[in-house]
Structures are given as C-alpha cells and as structure tokens.
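As structure tokens, the structure follows; a few thoughts come after it.
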Amino acid sequence: MFELPFRLSLTLLLVSIAFFSGIGITTIGPGGIFVTIALYSLTPLASSQVAGTAHATFVVTGLVGSAAYVYSGEMDTGEGRAIAIILSATSVFGALVGAYVNSFVSRSLFGLLLGGVAMAVGGIILYRERRGFRPIYDLEPQTRSGRIVLGGLGLVLGVCSGLLGIGGPVLAVPALVLVGVPMLLAVAAAQVQSIFIATFAASGYFLQGNVSVPVAVVVGIPLLLGVVIGWRVAHVVDPERLKVGLGVVLLGVGPYLAL
C-alpha cells in the first residue's frame, strides 16, 4: 500500500479530479471517464477493480443527475422519456456482458481500450466543433425504426461502459448528439441510462470482489458535489464552449493510457 505522505497527496489529487469530473458529467456528458482514468493511472488497482469502483460511484451520480434534469424539465417530453427508457433497458444487458468480459482483459489491454475510447470521443467532439456536422441519422424515438436504433445503441453503449468502467454519459451523449438529439436532452437521458448501467455493472463487479468501497467513498463525495454544480453550469453557460477543452484533454490523455 502507499506510504502515508503519498497517500495524502494521492487522495487530494483524486478528490480534485473527481470534483471536476462530476461537473463534466452533468454539463457535457463525457466527464466520468476522468475518474476511470485517474483510478487507472494513479492507483495500483487492477483493471477490474478500476472498472468496478468507478461504476459504484456512477450509481449515485446517475440518480442525482437524473433528479436534477427531471427538476429542470428536460425529461418532461414524451421524446425524452422514450429515449431514456429504451436506452436504459437495452444498456442493462450490455453492462452485464461488459463486466463479464472485463475479467478476461489484461491491465495493458484495458489501458489500450480506455485510451482508444478517450481519443475517439475527443476526436468526435473536436471535429464537430471545428467542422460542424449534420446528424448521421434523424432519430425519431417514438417510431418503430427509432426505437430499434435506440435499442441497438443502448446495447453497444452498455457493453463498452460495463467493460471499461466509464459512465454512460461518456459515450451516450456524443452518440445521441450524432443522431440528432439536442445537447441538454442527450445529457439528461444519459443520466438516467447511467443509473442502470452503473447499478448492474457495479453489481457484477461487486460479486467478483472488485469494488473498493473506501476508494469509491473518497471519489464519490466530490464527484457528487461536482454533478450538482455541473447541472447548474449547464443551464447558465453554453455547453458548446466547454467541449473544445474537453476534446483536447481527451485526445491528450488517450495516447498516454494506450502506451
């Protein structure tokens, strides 16, 4: 285990990262990945413990983030509820599959996959902000074809999130924006989805003995505070202004994680 001086400095660093990660979760979506990155890079936890502990913290952030966006009205529409329900339902199975597959993934491969996801998300964000894009699909969640697309999307997102220990919003928000869902609605729906992904993934990891409760508490408290502040920021500051910085950081840390 760590020597006491290093343990204190590490704790302070993790708390700081978690706080700003929480802000990112409810402001622009891809914020929780920094918790996973921090646990992987700064602690000796095995990849399964990194994923399990991260998901344990995302259960509470998902609940609080969902409640906040329900309060501010983003989930009042039939479209918003349809997206959240279908995405959440199909993500559950995917999260369990991802958590199971993780037990066969080495720490080095875990870092490679996590780095690849970080760079992919960062690249999508920067490309969108620099070049602009039209949605690749005009999603209509209350039609049969729209529900099928959402179901497939939820399954894939669930597997990736369960495998890598990243919150649902990390992948769900960019994916939903790519299919034409407005930014705040995408963030709101992803909060609901993250409850189900995190709960079932964390349960799978907990049964394997791969959830560090002390670390989850240390990270979870500042993360939760950041989630509340991030929700307020999202309704005051244009989220588009924050995404460029996020994209640059994700592209920067991706190669480090992959090596």
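Residues that are assigned to a helix (DSSP H, G or I) and in contact (Cβ under 8 Å) with a residue 24 or more places away in the chain within the range 121-145 comprise 121, 122, 123, 124, 125, 126, 128, 129, listed in sequence order. Of all residues in the range 128-142, those satisfying the criterion of being over 26 Å from residue 95 (Cβ atoms) and either open to solvent by less than 40 Å² (accessible area, probe 1.4 Å) or of a type outside the set (D, E, K, R) (or both) are 132, 133.
Just one of 86, 28, 33 is of a type outside the set (Lys, Arg), under 22 Å from residue 149 (Cβ atoms) and touching a Leu at 6+ places or on another chain (Cβ under 8 Å); which is it?
Details: 28 fails: under 22 Å from residue 149 (Cβ atoms); 33 fails: under 22 Å from residue 149 (Cβ atoms).
Only one candidate qualifies: 86.
Considering every residue within the range 42-53, establish whether at least one is assigned to a helix (DSSP H, G or I), out of contact with any Phe, Trp or Tyr (no Cβ under 7 Å at 6 or more places or on another chain) and either among the hydroxyl-bearing types (Ser, Thr, Tyr) or on the phi > 0 side of the Ramachandran plot (or both).
Within the range 42-53, the first condition is being assigned to a helix (DSSP H, G or I), and the residues that meet it are 42, 47-53.
Still in the running and out of contact with any Phe, Trp or Tyr (no Cβ under 7 Å at 6 or more places or on another chain): 42, 49, 53.
Filter once more, so that each one left must be either among the hydroxyl-bearing types (Ser, Thr, Tyr) or on the phi > 0 side of the Ramachandran plot (or both): 53.
Looking for residues that are assigned to a helix (DSSP H, G or I), out of contact with any Phe, Trp or Tyr (no Cβ under 7 Å at 6 or more places or on another chain) and either among the hydroxyl-bearing types (Ser, Thr, Tyr) or on the phi > 0 side of the Ramachandran plot (or both), one finds at least one in the range 42-53, hence yes.
If you check residue 149 against the conditions, is it assigned to a helix (DSSP H, G or I) and among the aliphatic types (A, V, I, L, M)? In short, yes. Among the residues of the range 94-108, those identified as open to solvent by 70 Å² or more (accessible area, probe 1.4 Å) and assigned to a helix (DSSP H, G or I) are 96, 100, 107, 108.
Among the residues of the range 96-129, those that are touching a Gly at 6+ places or on another chain (Cβ under 9 Å), more than 19 Å from residue 253 (Cα to Cα) and of a type outside the set (S, T, N, Q) comprise 96, 97, 98, 99, 100, 101, 128, 129.
This table checks each residue for (1) among the small types (Gly, Ala, Ser); (2) touching a helix residue (DSSP H, G or I) at 6+ places or on another chain (Cβ under 6 Å); (3) farther than 30 Å from residue 103 by Cβ.
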site	(1), (2), (3)
130	no, no, yes
161	yes, yes, no
188	yes, yes, yes
192	no, yes, no
216	yes, yes, no
229	no, yes, yes
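Pick from the range 204-247 the residues that are at pLDDT below 80 and assigned to a helix (DSSP H, G or I): which of them is least open to solvent (accessible area, probe 1.4 Å)? Here the answer is 247.
Scanning the range 157-176 for residues that are among the aliphatic types (A, V, I, L, M) and closer than 25 Å to residue 38 by Cβ gives 157, 159, 163, 164, 166, 170, 171, 172, 173, 175. Among the residues making up the range 143-159, those that are of a type in the set (Val, Ile, Thr) and open to solvent by less than 70 Å² (accessible area, probe 1.4 Å) are 143, 149, 159. Could we say that residue 51 is in contact with a helix residue (DSSP H, G or I) (Cβ under 6 Å, 6 or more places away or on another chain), under 27 Å from residue 248 (Cα atoms) and open to solvent by less than 50 Å² (accessible area, probe 1.4 Å) here? Here the answer is yes, as residue 51 does meet what is asked. When residue 78 is tested against (1) crowded, with 22+ Cβ neighbours inside 10 Å; (2) of a type in the set (Gly, Ala, Ser); (3) under 29 Å from residue 236 (Cβ atoms), exactly one condition is not met: (1).
The values are calculated or read from the model by the stated rules, or taken from the named source; none is laboratory data. Computed from a predicted structure; not experimentally measured. Methodologically, a virtual Cβ is constructed for each residue, glycine included, from the backbone with ideal geometry; neighbour enumeration extends over all protein chains shown. Note: accessible area is taken over every heavy atom of the protein model, side chains too, but ligands, DNA and RNA are not part of it. Shrake-Rupley method; radii C 1.70, N 1.55, O 1.52, S 1.80 Å.
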